[in-house]
Amino acid sequence: MKAEKKKAKLEQAAKDLELKADSSDPTAPLPAPGSAAAPKKPGRRRSAKVEAPPRVQQTDEERIAQGKRVLGARSKAKALAKAQAEAEAAAQKAQAVKRAAERRVQVQRRLEERKRQQIIADELKKPTEDMCLTDHKVSFVFTLFYFISNVIEKIVLMNFELCLHQPLPELSRIPGLVLSGKAFAHCLAVVEFLHGYGKLMDIPSLATLQEGLLGLGDSHGEFQDLVIKLMEAALHDPGLPSFYQSVKILGEKLVDLKLTRSTVSEVLRVFLEAHGYETEVCDTLRTKTFHALTPDTKASILGSWWTSSTAATL
């Protein structure tokens, strides 16, 4: 359909051109009177060929004007390129000026920083210079120090002589004390240690410690609980060497074993052996429990070892 419509339009345009040419040409023969009324024969119509219009020749003036237009366009393009080049050169120049200004600022800052560091160094040297004593000052200081030391020495000797001539006071024994002097000294060290570091546990009295060491009354249970708490703290810090961490008691590792009154003696033996305690005491703990030891031995273990090994933990 589209092709037929396009073809019909072309035929109609060709006819219109023929009519215009006939009307404009006076020498063309007039059509016969009967030809207009004659019917058209059916059949395929031939399309008329459209001739291209003749090429218009340019005059000299038109050529000159066209050349001027071309020259003007070229001059405009050159001017635009020149302006762009000048703008780029100006931008590069401004950037170079900016970089130079930044360099000058950095140099100025470095100079100021050096001056400030030099001032600080001079200020730090001033106290050292002030502490330097001249020769006469040094001699005076040494003389004064020698005099003061002699006076102090004389005072100390006088007090010592007075103490030698005075009899020692007679001290009565602490009432109710049954332990030996060394065992009681260890008990004092344990109580002092607990007052200084053991803020997270109950601090027993000296009477409770003595009864616990002797295994008397209800104090025996409190003493056993104290031993368990101290043992837990000692296992945490300083802990056991790597070789003894794999030791098992009743099928469990020593570090994972829950401490009770029945297991604390064996754990204590391994702990003392790992840290080089007395071999005799460690061998005794193989066959006896901690509570079956003598009061002096138990007090020695508490006072001389745990107070020093668990201080950092508590």
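In table form, for the structure just shown:
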{"item": "Out of LEU250, LEU314, LEU268, sole residue that is modelled with pLDDT of 80 or more and of a type outside the set (Val, Ile, Thr)", "result": "LEU268"}
{"item": "Residue within the stretch 242-256 that is aromatic (Phe, Trp, Tyr), surrounded by 18 or more Cβ atoms within 10 Å (Cβ to Cβ) and over 23 Å from GLY176 (Cβ atoms) present", "result": "no"}
{"item": "Any chance ASP202 is surrounded by fewer than 14 Cβ atoms within 10 Å (Cβ to Cβ) and charged (D, E, K, R)", "result": "yes"}
{"item": "Unique match (being in contact with a Cys (Cβ under 6 Å, 6 or more places away or on another chain), hydrophobic (A, V, I, L, M, F, W, C), closer than 18 Å to HIS291 by Cα and at pLDDT 85 or above) among LEU209, LEU214", "result": "LEU209"}
{"item": "Subset of the stretch 269-288 [hydroxyl-bearing (Ser, Thr, Tyr) and either surrounded by fewer than 16 Cβ atoms within 10 Å (Cβ to Cβ) or within 50 Å of the chain's Cα centre (by Cα) (or both)]", "result": "TYR277, THR279, THR287"}
{"item": "The stretch 206-222: number of residues that are out of contact with any His (no Cβ under 8 Å at 6 or more places or on another chain) and touching a residue at least 12 places away in the same chain (Cβ under 8 Å)", "result": "9"}
{"item": "Qualifying position, being more than 30 Å from VAL264 (Cα to Cα), hydrophobic (A, V, I, L, M, F, W, C), out of contact with any Gly (no Cβ under 7 Å at 6 or more places or on another chain) and in a helix (DSSP H, G or I), among ILE174, ILE228, ILE155", "result": "ILE155"}
{"item": "Flag for THR289 being in contact with a strand residue (DSSP E or B) (Cβ under 8 Å, 6 or more places away or on another chain), among the hydroxyl-bearing types (Ser, Thr, Tyr) and in the same structural domain as GLY215 (by TED's automatic domain parsing)", "result": "no"}
{"item": "Candidates GLU211, GLU266 - the one that is farther than 21 Å from VAL191 by Cα, buried (at least 18 other Cβ atoms within 10 Å of the Cβ) and of a type in the set (Asp, Glu)", "result": "GLU266"}
{"item": "Residues of the stretch 256-291 satisfying the condition of being among the charged types (D, E, K, R) and over 14 Å from GLY239 (Cα atoms)", "result": "LYS258, ARG261, GLU266, GLU278, GLU280, ASP283, ARG286, LYS288"}
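The values are calculated or read from the model by the stated rules, or taken from the named source; none is laboratory data. Keep in mind it's a predicted model, so treat the numbers as computed, not measured. All Cβ positions, glycine included, derive from the backbone under ideal geometry; neighbour counts span all protein chains shown.
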